[in-house]
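**Q** Next up is a structure, given as structure tokens.
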Amino acid sequence: MALSATAENELAGPSAMDRLLTATQAEMNKVNALILARADSHVDMVPELARYLIEAGGKRLRPMLTVAAALLFGKSNGAHVNFAAAVEFMHNATLLHDDVVDESDLRRGRPAARIIWGNQASVLVGDFLLGQAFMMMVETRDVEALGVLAKAAATMAEGEVFQLAKTRDLSTTASEYDQVIHAKTATLFEAAAEVGAMVGGADAAGREALRTYGVELGNAFQLVDDVLDYRGESGTLGKNTGDDLREGKMTLPIILALADATPAERSLIEGALGNVEVPDETVARVVSILEKYDTLNRTVEKAHAHARAAREALRALPSSEMRTLLGDVAEFSVARAF
């Protein structure tokens, strides 16, 4: 599959993510300082576990979206720092909870926190991070923006429960999968971008543009992650290749393959889904089925459609360097699949 001109340009110079890091660095330094300060506690295990996850790496794309959206409109009173830190705490809380639910061993290339501190501590520290997130939001006294993120927190939890209910459910449809990724992933991207626009002084049209941009970017991002679980080398995502298969997750590449597979191929996939002991050789056989029916590329094509929709949403805004950069980030999120 050929790369777009933007993706090809990324290979010749700094990526869109690197350029976004540079454009938001001054404000993200404030966000990072607040994150570390608010991860502190007199209970030693809390900062130990929280900082283990927070300092493990990651681009912090979600809080960067909040900062970038605020900078795009340029009228923030500083509240974007609190909201960006809150967004990152919400994200990290879900990671701690997800690793317990999924019984994951790795997170960002290191042992998951639950492996070191146990499931109970991971869940409770995740709750601590959520509490701190809402405290930081309350401190801004922006009730409307707080409401956007509070709604996102509830929707994300619903998405995780829906995904859990669909584990190893071979009748799962592509439409149901869309509902899962919208709720569990795209919702936080959507809220992160929208609250950034709100505190940056956007009007109703600007707020809607960033909200749409965020949700479309989030959908594209999750679709690519689901492809990389089968296409990437072990450790590419900080976890083992085929973990989604072993956890029984009904992602789009699997759903599409099941629709076209022979009875024998369906039987192989069904036997591997949710089997934590499935060997790498079996994962490779499942991947060969996905490749036979081109389901990984078909999933990437859907991600491209969402990335285009994200870029299109920004066209409602005046031309600017930040608008161009955010559009490039949407396309870069898909270029990761290659």
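**Q** Can you compute the helix-only [θ] at 222 nm over the chain? Use -39500 (n - 2.57) per DSSP H run of at least 4 residues, normalise by all residues, nearest 500 deg cm²/dmol. All intermediate terms of the calculation are to be shown ahead of the outcome.
**A** Working: 17 runs with 247 residues, N = 338.
Helix contribution divided over all residues of the chain: -24000 deg cm²/dmol.
**Q** Follow-up question, since we're still on this one. Measure off 7 Å from each Cα along the Cα-to-Cβ vector at T173 and R285, then give the distance between these two points in nanometres to one decimal.
**A** According to this spin-label approximation, the distance is 3.1 nm.
**Q** Let me ask something additional. Give the angle, between 0 and 90 degrees and rounded to the nearest 10, that separates the Cα long axis of helix 119-139 from the longest principal axis of the Cα atoms of the chain.
**A** 30
**Q** Helix 45-54 versus the longest principal axis of the chain: what angle, 0 to 90°, nearest 10, using Cα atoms?
**A** It works out to around 80 degrees.
**Q** Averaged per residue, what accessible area in Å² does region 32-167 show with a 1.4 Å probe, protein chains only? Show your work: numbers first, answer last.
**A** Details: 6080 Å² over 136 residues.
On a per-residue basis, 45 Å².
**Q** Using a Förster distance of 51 angstrom, determine the FRET efficiency expected from the C-beta separation of R298 and H42, and round it to 0.05.
**A** Values: r = 52 Å, r/R0 = 1.02.
The formula returns an efficiency of 0.50 here.
**Q** Next question. Not counting ligands, DNA or RNA, and with a 1.4 Å probe, what is Y293's accessible surface area in Å² rounded to the nearest 10?
**A** 40
**Q** Could I ask something else about it? Determine how large the accessible area of H97 is when every protein chain is in place; take a 1.4 Å probe and give Å² rounded to the nearest 10.
**A** Around 50 Å² of this residue is reachable by solvent.
**Q** Roughly speaking, what is the centre-to-centre gap between region 141-202 and region 48-80 when only Cα atoms are used, to the nearest Å?
**A** Comparing the Cα centres of region 141-202 and region 48-80, I get a distance of 18 Å.
**Q** For the charge dipole of region 2-335, defined by +1 on Lys and Arg C-beta atoms and -1 on Asp and Glu C-beta atoms about the Cα centroid, which residue among A209, T299, V287 has the Cα displaced farthest towards the positive pole?
**A** A209
**Q** Mind checking the log10 I(q)/I(0) for region 289-338 at q = 0.18, 0.20, 0.22 Å⁻¹? Debye, one equal scatterer per Cα, no solvent, two decimals.
**A** So the normalised log intensities work out to -0.59, -0.67, -0.75.
**Q** Given 0.36 nm per residue, what is the gain on full extension from A33 to I116 after removing their alpha carbon distance, in nm?
**A** On the way: separation 83, 0.36 × 83 = 29.88 nm, distance 2.53 nm.
Once the chain is fully extended between A33 and I116, it gains 27.4 nm.
**Q** While we're looking at this one, here's another question. Note down the nm distance, to one decimal, between modelled labels 7 Å out along Cα→Cβ at F338 and at A264.
**A** With each label placed 7 Å out from Cα toward Cβ, I get 3.5 nm.
**Q** Once you've got the Cα coordinates, tell me which of K59/K184; K151/K249; K249/K292; K151/K184; K30/K59 are over 23 Å apart.
**A** On the way: K59/K184 19 Å; K151/K249 25 Å; K249/K292 20 Å; K151/K184 12 Å; K30/K59 15 Å.
Where the Cα-Cα span goes over 23 Å, the pairs concerned are K151/K249.
**Q** Nearest 20 debye, what's the magnitude of the dipole of the chain about its Cα centre given +1 on Lys and Arg Cβ and -1 on Asp and Glu Cβ?
**A** 660
**Q** Run the numbers on region 2-335 and let me know its relative contact order in percent, using alpha-carbon pairs under 8 Å that are six or more apart. Present the calculation step by step, with values, prior to reporting the outcome.
**A** Working: 489 pairs, mean separation 67.5, N = 334.
20 percent.
**Q** Here is a follow-up. Provide the per-residue ³J(HN,Hα) series for region 213-229, in order, calculated from phi with Karplus coefficients 6.51, -1.76, 1.60 and θ = phi - 60°, each as a whole number of Hz, with x at glycine and proline positions.
**A** 4, x, 5, 5, 4, x, 4, 4, 4, 6, 4, 5, 4, 5, 6, 5, 4
**Q** Excluding residues fewer than 8 places away in the same chain, name every one of the aspartates and glutamates whose C-alpha is closer than 14 Å to that of K166.
**A** Partners within reach: D102, E158, E176, D178, D244, E247, E270.
**Q** In whole percent, and with a 1.4 Å probe on the protein chains, what portion of the accessible area of the chain is carbon and sulfur?
**A** Details: 7670 of 14500 Å².
Reported share for carbon and sulfur atoms: 53 percent.
**Q** Here's another thing I want to ask about it. Per-residue accessible area for E190 at 1.4 Å probe radius, Å² rounded to 10?
**A** Its heavy atoms expose roughly 30 Å² to the probe.
The values are calculated or read from the model by the stated rules, or taken from the named source; none is laboratory data. No experiment lies behind these values; they were computed from the predicted model shown. Cβ coordinates were reconstructed from backbone atoms using ideal geometry, including for glycine residues, and neighbour counts include every protein chain displayed. Heavy atoms of the whole protein, side chains included, go into the accessibility calculation; ligands, DNA and RNA do not. Shrake-Rupley method; radii C 1.70, N 1.55, O 1.52, S 1.80 Å.
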